[in-house]
Amino acid sequence: MKRNILFVDDEPNILQGLRRLLRPMRDKWDMHFVGSGQEALELMSRVSMDAVVSDMRMPGMDGPTLLLRIMHEHPDVVRFALSGYSDQEMIGRSIAPTHQYLTKPCDEEKLIQALEEAMNARAFISNKAVLDKIARIEHLPVLPRAYVRITDELSKGDPSPKLVGEIVAEDIGLTANILKLVNSSYFGLSRPVTMPQQAVIVLGVNVIRSVILSLHVFKSFETTEERSFSLSKLWAHCQRTASIARVIAQAEGLGKDKADNAYIAALLHDLGKLLLDAHCATECQMIYQEVRENNRLVAEVESEVLGLTHAQVGAYLLGLWGLPPEVVQAVARHHAQDPEPEGLNAASVTYFANLLDHDIFIFNEHYARPQASPERLAALGGPDTFARWREAAVALGISEEGT
């Protein structure tokens, strides 16, 4: 079945250019082109859309207003914003209702890939009732402004650490949290980092961007009154898992991109737990009660109660946000028992880093500890490899609190 994509722009030349640019997609997409926000809403009242790509600056109803209306009236639609380099004020207004930003002029391949990956993310949620509930959340975690600005700079080329550091430094609280994290034992740096620019140089732009995202997401759930688990313990687990992922990647000589993707996936692998606990609270209370009373695995009980796991929910949100497919797949598969066809990749590293942290630290004596799949273990060298990685993880000297 073809997907319905709606493009909204008040400039006819832009729409005509998009028609020509995307002509090769006619066999896969039914594309609709309108010149105003009001036309877009009228069309969406008659035709079910899979995604909307809207310009920001339009007379009458502008892009942020349109995307906000779509978020309320058609929450399961993927929402993209097309913005120019000078649209910072518009970007600020559109952060809440927008899944991803694309910079004008947009490359054909980049646009197609971004739309396909975001729409594919919905396949991670097999339970339609849960998808409907999550898709209709008005207060899904939104991309932090610093993350959006760094992503915008990355789209222009290779941004300087100085520029990215300046973006971080504009937010005093964010700067303090990043420096605290970077100087913790999670990273094991030989010298203290005192400036955001230094942190960017040491860790790289993509890792810093993902640290910003993870800090922001965990902070957005701090106000949840009732929770099925300890937020601080989950955050510490994610940080330790990311550190262990770095150690495995270094030990196996993975290239920088693969190592970065493994670190990012490990840092964000339990994001779905936050989303489920905040918006499927009753079901999560049942899940964690069963886990504690009968010493079972969280993912196993989630699957029984909800028909999916937090891994799939986290991958869904990260896919909507446009994180690299390798990261999305690694989060989706961090409890999967079958081995990766391509050997040691971000998904394998995240899977084993998560297992190692559960093996080294006891979060709750009533939680069952996950065991390595014999198939995944055999595919990567057997118990000796796992033992070697465990030794390297213990050598990090990280305490349960990360100090």
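Nothing in this text is a laboratory measurement; each read-out follows from the coordinates by a stated rule. Model, not experiment: these values are computed from the prediction. When we count neighbours, we look across all protein chains shown, and the Cβ atoms used for this are built from the backbone with ideal geometry, even at glycine.
Taking 24 Å as the cut-off for C-alpha to C-alpha distance, list the pairs among 162/273; 110/162; 110/180; 28/110 that go past it.
In this structure, 162/273; 110/162; 110/180 exceed 24 Å between Cα atoms.
Multiply the residue separation of residue 172 and residue 47 by 0.36 nm, subtract the distance between their alpha-carbon atoms, and state the gained length in nm to one decimal.
Roughly 40.5 nm would be gained on extension.
Give the residues of the stretch 348-367 whose amide nitrogen is closer than 20 Å to a point set 7 Å from the Cα of residue 392 in the direction of its Cβ.
Under cut-off, by backbone N: 348-361.
So which helices of the chain fit the span-like rule, where a helix is a whole DSSP H run, its Cα atoms reach 27 Å or more along the axis, and its mean Kyte-Doolittle is at least -0.5?
Those that clear 27 Å and a mean of -0.5 are 231-251.
Just to confirm my numbers, what's the Cα centroid distance between the stretch 196-252 and the stretch 283-335 in Å?
18 Å
Name the residue farthest towards the positive end of the dipole of the chain from the options 288, 254, 229, assuming +1 on Cβ of Lys and Arg, -1 on Cβ of Asp and Glu, about the Cα centre.
My answer, from the dipole projection, is 254.
Taking 30 Å as R0, compute the FRET efficiency from the Cβ-Cβ separation of residue 337 and residue 15 and round it to 0.05.
Given R0 = 30 Å and the Cβ-Cβ separation, E is 0.05.
Please give the charge dipole size of the chain, origin at the Cα centre, charges +1 on K and R Cβ atoms and -1 on D and E Cβ atoms. Round to the nearest 20 debye.
Its charge dipole is roughly 420 debye.
Given the options 382, 17, 165, which has the most mean-square fluctuation in a GNM of the chain, springs set between C-alpha atoms less than 10 angstrom apart?
Sorting by GNM fluctuation, first place goes to 17.
How much length is gained on full extension from residue 362 to residue 256, taking 0.36 nm per residue of separation minus their Cα-Cα distance?
35.1 nm
Regarding the chain, what is the average projected area of its C-alpha convex hull, in nm²?
Result: a mean projected hull area of 19.8 nm².
Debye sum, Cα scatterers, the stretch 221-394, no solvent: what log₁₀ I/I(0) at q = 0.09, 0.10, 0.13 1/Å?
-0.29, -0.35, -0.61
With just the Cα atoms defining each centre, how far is the stretch 102-118 from the stretch 31-57? Give it in Å.
17 Å
For residue 38 and residue 1, calculate 0.36 nm times their separation in residues minus their Cα-Cα distance, and state this gained length in nm to one decimal.
Full extension from residue 38 to residue 1 adds 10.6 nm.
Which aspartates and glutamates, on any chain, are close to residue 233 with Cα under 20 Å apart, when same-chain ones fewer than 8 places away are left out?
Those aspartates and glutamates meeting the cut-off are 222, 225, 270, 277, 290, 293, 302, 357, 359, 365, 400, 401.
At a Förster distance of 30 Å, what's the computed FRET efficiency of residue 108 paired with residue 73, Cβ-Cβ distance as r, to 0.05?
Calculated transfer efficiency: 0.50.
Taking the Kirkwood radius as the inverse of the mean 1/r across Cα pairs, report the Rg/Rh of the stretch 259-362.
Result: Rg/Rh = 0.97.
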